[in-house]
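Values in this text are rule-based calculations from the coordinates and carry no lab data. Keep in mind that this is a model prediction, so the values were computed, not measured.
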Amino acid sequence: MKREVPAAITFIAGITWIITTYWTGPKLLTTIKSELNRWFLLVQGWMVLCGVINLTRVHMHKIQQKRQDWTFSILCLTAAYCMVILGLRRSSATSSLR
């Protein structure tokens, strides 16, 4: 049951997205597509946040203990934070939530 419910929700959302993208019909489909896009952005933001937190936690632990190749962890964190900052700057300039 733990796997079936998320899989069913994902399947239904995917089919709905495909229908609303490739078939222009009633106004209801446009509304559904707009709502799905908003949810996608919300979930995407949370996924990035969780990934950055986990990446920071793992690599900071490696840096603090100065394990083998800990300098690469500094490089990895620097690159990750630069990508997030650049992504936020770009998305704030062309926000699709307006």
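A few points about this structure:
- Per residue of the chain, the DSSP helices (runs of n ≥ 4 H) give a summed -39500 (n - 2.57) that works out to -29500 deg cm²/dmol at 222 nm.
- Among (1) 13.7, 46; (2) 25.7, 86; (3) 19.2, 60, the entry derived from the coordinates for Rg and Dmax of the Cα atoms in Å: (3)
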